[in-house]
Number of protein chains: 4
Amino acid sequence: MTSAVSAAVFTWPVRVYWEDTDAGGVVYYANYLKFLERARTEWLRALGVEQGPLQDQHGVLLVITSVEANYRRPAHYGDLLQVTCSITERGKASIGFEQHVYRGRVGDELILQAKTKVACIDAKGFKPRPLPQIIIGSLTE
Amino acid sequence: MTSAVSAAVFTWPVRVYWEDTDAGGVVYYANYLKFLERARTEWLRALGVEQGPLQDQHGVLLVITSVEANYRRPAHYGDLLQVTCSITERGKASIGFEQHVYRGRVGDELILQAKTKVACIDAKGFKPRPLPQIIIGSLTE
Amino acid sequence: MTSAVSAAVFTWPVRVYWEDTDAGGVVYYANYLKFLERARTEWLRALGVEQGPLQDQHGVLLVITSVEANYRRPAHYGDLLQVTCSITERGKASIGFEQHVYRGRVGDELILQAKTKVACIDAKGFKPRPLPQIIIGSLTE
Amino acid sequence: MTSAVSAAVFTWPVRVYWEDTDAGGVVYYANYLKFLERARTEWLRALGVEQGPLQDQHGVLLVITSVEANYRRPAHYGDLLQVTCSITERGKASIGFEQHVYRGRVGDELILQAKTKVACIDAKGFKPRPLPQIIIGSLTE
């Protein structure tokens with residue numbers, strides 16, 4: 001069900017603000033998942049796909065089905081991070097991503113390494129639905 | 001438009017977790033608004049009003065229209081706070097609250113003092129709507 | 001490095017508030033990690049271990065090194081969830097947990113299944129440190 | 001204690017992601033305070049002041065002492081907002097800001113209007129401290 005996908009890596013910058021940190025002095029572990037999602041959202045936007053219309057016009061939502069995250073180094077207040085997003089797997093109704101968070105440039109200090117899996121579901125019934133053509137078309141172009 | 005309202009003060013306990021703090025070592029300022037809303041939600045629940053059905057059965061949402069918050073002392077990781085909620089004003093389509101956050105017991109160390117105002121709106125059009133009878137009835141009993 | 005550990009499952013209730021949800025109408029995926037951490041924190045507290053003193057008196061922090069989360073069903077505004085926490089692995093400087101989130105009672109509707117791994121580190125240098133005796137003692141009693 | 005301050009308005013763009021919204025379909029009310037703080041942080045950064053060094057080298061923190069926020073219109077998933085920040089008051093140990101959140105360009109649709117007040121405190125004892133020269137110098141240049 002998985003097809004060949006582009007090796008291109010999309011990158012999105014994220015600045016660390018107070019809101020992202022905790023009293024341990026570092027970015028709170030749950031907040032990295034927000035960063036990962038911003039990168040996935042901007043990757044889709046760069047492909048020409050806005051998630052609002054996906055829901056309104058196509059009646060589907062993209063939802064997370066699994067996350068695997070390895071925390072390598074702490075990020076701190078004020079850090080400028082780079083969050084990557086590349087497709088490792090594409091099913092009929094799902095996409096698998098590999099995502100990294102670096103401090104400095106991509107490839108510099110690895111902060112977080114993650115695999116995230118997204119499924120396409122019916123916005124009402126929450127049942128699996130094939131990825132709409134607008135996404136598939138974007139991926140294979 | 002404001003009627004006499006009960007002087008009763010509702011109180012809800014909130015434990016401070018890592019998620020609530022920032023790298024300054026204290027509760028992040030935006031997160032107190034979550035605590036205030038938990039207290040308002042539980043106050044409504046104690047009156048027998050669940051907000052889910054409000055939206056589904058009555059087609060209305062309760063939304064915040066204004067917040068005034070004074071930050072008096074910092075709260076820290078592990079603190080057990082008490083969040084109060086009392087009505088100071090009741091309009092046709094809105095409710096005004098006074099809310100406090102204390103460390104320890106109510107009246108001990110004042111952490112935050114706030115006024116919050118909530119409006120009842122149409123869940124679709126976001127236009128003002130009279131508070132449903134289920135809320136008004138609860139308030140005057 | 002792994003020793004036999006108690007099969008006991010600790011459970012902590014979590015109510016879903018507006019703050020936890022997103023515009024998809026369900027709990028936002030990153031916020032489950034907050035729920036998981038509340039359960040781990042309360043499990044430690046139930047064992048008599050407060051994390052504030054861990055840092056102040058023992059100079060150590062417990063930090064997450066990995067998370068694997070499988071999202072099974074969406075949780076909604078107003079849901080009352082039960083979050084479990086049981087030890088599956090104990091190293092010299094780390095603890096592995098299995099954690100579940102259920103709607104209703106434990107064993108009812110499975111919302112999320114997760115594995116989380118926590119390491120003990122030096123609060124200053126962020127280097128691994130043996131788990132302090134106060135935790136080890138609590139685990140083996 | 002208040003001196004004449006520049007009329008210049010600083011603006012910072014904020015994209016609304018899933019993390020910012022709630023099940024009402026709009027931005028969650030507490031999350032606007034994060035947006036306001038990002039704008040204040042970037043305003044300081046534009047003046048050449050990084051808050052990390054403020055704490056490390058000057059031993060001071062900037063903390064919020066009060067917020068007044070009026071919610072005018074809801075913002076939605078995917079919106080691109082502009083968050084403004086201008087000084088209305090400057091004391092020895094505090095700064096008062098007026099801040100607005102607009103959808104589209106500054107002056108287009110007003111989403112939120114806020115006043116925020118920040119105090120300079122000792123990073124250890126949380127007592128008021130004069131604003132460091134690096135900030136005052138930036139403000140009056």
Query - Neighbourhood net charge (12 Å Cβ-Cβ; Lys/Arg +1, Asp/Glu -1) for residue B:94 - result: +3
Requested in this report: For peptide A:56-64, compute the average count of partner chain beta-carbon atoms within 10 Å of each residue's beta-carbon.
Outcome: 2
Requested in this report: In nm, give the distance between the simple-model label positions of residue C:72 and residue B:115, each being 7 Å from the Cα along the Cα-to-Cβ direction.
Outcome: 4.8 nm
Requested in this report: May I ask you to report, in nm to one decimal and beginning with the shortest, the distances from residue D:68 to the same position in the other copies, taking label points 7 Å along Cα-to-Cβ?
Outcome: 0.7, 5.4, 5.4
Query raised in the report: To the nearest µm²/s, what D does Stokes-Einstein give for the protein assembly as shown at 4 °C and 1.567 mPa s, using the Kirkwood radius over alpha carbon pairs as Rh?
Result: 52 µm²/s
**Report entry** Averaged over B:73-84, number of beta-carbon atoms from partner chains that fall within 10 Å
**Finding:** 2
Requested in this report: With r as the distance between the Cβ atoms of residue D:8 and residue D:122 and R0 = 30 Å, compute the FRET efficiency 1/(1 + (r/R0)^6) and round to 0.05.
Outcome: 0.50
**Report entry** chain A - charge dipole about Cα centre, Lys and Arg +1 at Cβ, Asp and Glu -1, debye rounded to 20
**Finding:** 300 debye
Query - Highest average packing first - A:131-140, A:116-125, D:22-31, B:73-82, Cβ atoms within 10 Å - result: D:22-31, B:73-82, A:116-125, A:131-140
Query raised in the report: Which three semi-axes in whole Å describe the equivalent ellipsoid of region D:66-141, each the square root of 5 times a Cα gyration tensor eigenvalue, listed largest first?
Result: 30, 14, 10
Requested in this report: Could you work out the mean count of beta carbons from other protein chains within 10 Å of each residue's beta carbon in A:29-39?
Outcome: 6
Query - Relative contact order of region B:1-125, pairs being alpha-carbon contacts under 8 Å that are 6 or more residues apart, as % - result: 32 percent
Query raised in the report: In what sequence, highest mean first, do C:44-54, C:90-100 appear when ranked by Cβ atoms within 10 angstrom?
Result: C:90-100, C:44-54
Report task. Provide D:83, D:63 in ascending order of the number of other Cβ atoms located within 10 Å of each residue's Cβ, fewest first. Result -> D:63, D:83
Requested in this report: Report the convex hull volume per residue for region B:5-136, counting only C-alpha atoms, in Å³.
Outcome: 110 Å³
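Rule-based calculations on the coordinates, nothing more; no lab input. Bear in mind the structure is a predicted one, so any value in this text is a computation, not a measurement. We place every Cβ from the backbone using ideal geometry, glycine too, and count neighbours over all the protein chains shown.
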